[in-house]
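Colleague: Quick one: the structure is below, and I'll ask about it shortly.
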Amino acid sequence: MDTVWGDNVAQNIAFYLIAAIMVGAAIKVVTSKNVVHAALYLVAVLIGMAGQFILLGAEFIAATQLLVYVGAIVVLFLFGIMLTRAQVGSDPDVDTTAAQRTTGGFVAFILLVVMGYAIYGTEGLSETKLPEERVQTIAEVSDSIFSTYLVPFEAISVLLLAALIGAIVLARRD
Amino acid sequence: MLLTNFLMLSSILFCIGVYGVLARRNAVMVLMSIELILNAVNINLVAFGTIHGSISGHVFALFIIAVAAAEVGVGLAMVLLIYRNRSSIDLDDVDLLKG
């Protein structure tokens, strides 16, 4: 029992359930022929990711994930789809040729095998358990951002400003 | 809960994202696959940060979310520009630099 499920059965069931939904939705994101459907499957993956962050005790990241990804980035994607006048309904031209798809699948599979080997082959990693008490409070995160990581934080602020100006300059109509 | 569960989930999502980047021709869908890859990395950072009892993993995950937002903003602006110039966002058509 312990070796299969670990210590907390409920958390494990939640993990596998959310993980299965995420993997299924992610596969639909990369195979769906309908651009809008792909964007909406992406929402399922991103919300599942927020659930995994909560399981990991990272509540602030989960909230940020929902606000930034589901709230902003997906809306941006839908605007992009709308402005590029994607075909309504399924579009046969979104995928590359069958040969390129096969190669892509092969590359992704080899990459998965290599990473799986690295994860399960590393000594001690496969027995490592997450600590039972693992909730990190927002105060700890903000303390760290505004002390240890102050310079990267300011750099991120400048980067966001640069991206904002860059996007406006690129997308302007003159 | 085992650490490897989260690492494997992250690897699977990463590989699905890599497949999406290689197998898609629509530029917006390639950007979506890149989002999958960035998200997969986040779960790794948070899982390792939790294992070591350190908050750095969380902070870097936040940084990656911010960088991903910037990347999507500029990326979609570029896709829009390509669409305006060529009336198509088919990445196979963007081959002006090919001799």
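Throughout, read-outs are computed from the coordinates displayed, never taken from laboratory work. What you are looking at is a predicted structure, and each value in this text was computed from that prediction instead of being measured. Note that each Cβ is placed from the backbone with ideal geometry, even for glycine, and that neighbours are counted across all protein chains shown.
Colleague: A:Leu164 versus B:Asp90, label points 7 Å from Cα toward the beta carbon: distance in nm?
Modeller: Taking the simple label geometry, A:Leu164 and B:Asp90 are separated by 3.8 nm.
Colleague: If you plug each phi of the stretch A:147-158 into the Karplus form 6.51 cos²θ - 1.76 cosθ + 1.60 with θ = phi - 60°, what whole-Hz ³J(HN,Hα) values come out, in order, with x for Gly and Pro?
Modeller: 10, 5, 9, 5, 5, x, 5, 5, 4, 5, 4, 5
Colleague: While we're on this one: Could you give the longest part of chain A that holds none of the GluC sites (Glu not before Pro) found in DSSP loops with at most 12 neighbouring Cβ atoms within 10 Å?
Modeller: A:1-122
Colleague: Moving to a separate point now. Which whole-number percentage describes the relative contact order of the stretch A:1-158, with Cα contacts under 8 Å and a sequence gap of 6 or more?
Modeller: Relative CO of the stretch A:1-158 lands at 21 percent.
Colleague: Continuing with this model, one more query. Would you list which aspartates and glutamates come within 16 Å of A:Lys129, measuring only between C-alpha atoms, while excluding same-chain residues fewer than 8 positions from it?
Modeller: List returned: A:Asp2, A:Asp7.
Colleague: Report the full-extension gain for the segment A:Glu133 to A:Ala63: residue separation times 0.36 nm, less the Cα-Cα distance, to one decimal in nm.
Modeller: Length difference between fully extended and current span is 23.2 nm.
Colleague: Evaluate the charge dipole of chain B about its Cα centre and quote only its size in Debye, nearest 20, assuming +1 on the Cβ of each Lys and Arg and -1 on the Cβ of each Asp and Glu. Spell out each step's value before the answer.
Modeller: Details: 5 positive and 6 negative charges, 9 e Å.
With Lys and Arg at +1 and Asp and Glu at -1, about 40 debye.
Colleague: Additional query: How well do other chains shield peptide B:49-55, expressed as the mean number of their Cβ atoms within 10 Å of each residue Cβ? List each step's numbers first, then the result.
Modeller: Details: counts 6, 8, 7, 1, 4, 3, 11.
For peptide B:49-55, the averaged partner shielding equals 6.
Colleague: Next question. Mind pulling up the Rg/Rh value for the stretch B:39-83? Radius of gyration and Kirkwood radius, both on Cα.
Modeller: Rg divided by Rh gives 1.23.
Colleague: I'd like the mean, over residues of B:73-85, of how many other protein chain beta carbons sit within 10 Å of each residue's own Cβ.
Modeller: For peptide B:73-85, the averaged partner shielding equals 6.
Colleague: Could you name the aspartates and glutamates in cross-link range of A:Lys28, using Cα to Cα under 18 Å and dropping any fewer than eight places away on the same chain?
Modeller: Reachable aspartates and glutamates: A:Asp91, A:Asp93, A:Asp95, B:Glu35.
Colleague: Which values of log₁₀ I(q)/I(0), to two decimal places, follow from the Debye formula for the protein assembly as shown at q = 0.08 Å⁻¹ with a uniform point scatterer at every Cα?
Modeller: Computed log10 I(q)/I(0) values: -0.35.
Colleague: Can you work out the Karplus-derived ³J(HN,Hα) for every residue in the stretch B:32-44? Use 6.51 cos²θ - 1.76 cosθ + 1.60 with θ = phi - 60°, whole Hz, and x for glycine or proline.
Modeller: With coefficients 6.51, -1.76 and 1.60, one gets 4, 5, 5, 4, 4, 5, 4, 5, 4, 5, 4, 5, 4 Hz.
Colleague: So, in Å, what gap is there between the alpha-carbon centers of the stretch B:1-41 and the stretch B:79-99?
Modeller: 25
Colleague: If I model a spin label at A:Glu140 and A:Leu125 as a point 7 Å from the Cα along the Cα→Cβ vector, what separation in nanometres do I get?
Modeller: Each label point is offset 7 Å from its Cα along the Cβ direction, giving 2.4 nm.
Colleague: Based only on Cα atoms, what Rg/Rh ratio does chain B have, Rh being taken as Kirkwood's radius? Display every interim value, and only then the final one.
Modeller: On the way: Rg = 16.8 Å, Rh = 15.1 Å.
Rounded to two decimals, Rg over Rh is 1.11.
Colleague: Under the Kirkwood approximation for Rh and a Cα-based Rg, what ratio Rg/Rh is obtained for the stretch A:2-136?
Modeller: We get a ratio of 1.04 for the stretch A:2-136.
Colleague: Right, something else. Give a residue-ordered list of calculated ³J(HN,Hα) values for the stretch A:131-146 (Karplus: 6.51 cos²θ - 1.76 cosθ + 1.60, θ = phi - 60°; whole Hz; x for Gly, Pro).
Modeller: Values, residue by residue: x, 5, 8, 9, 6, 9, 6, 4, 4, 5, 4, 5, 4, 5, 4, 8 Hz.
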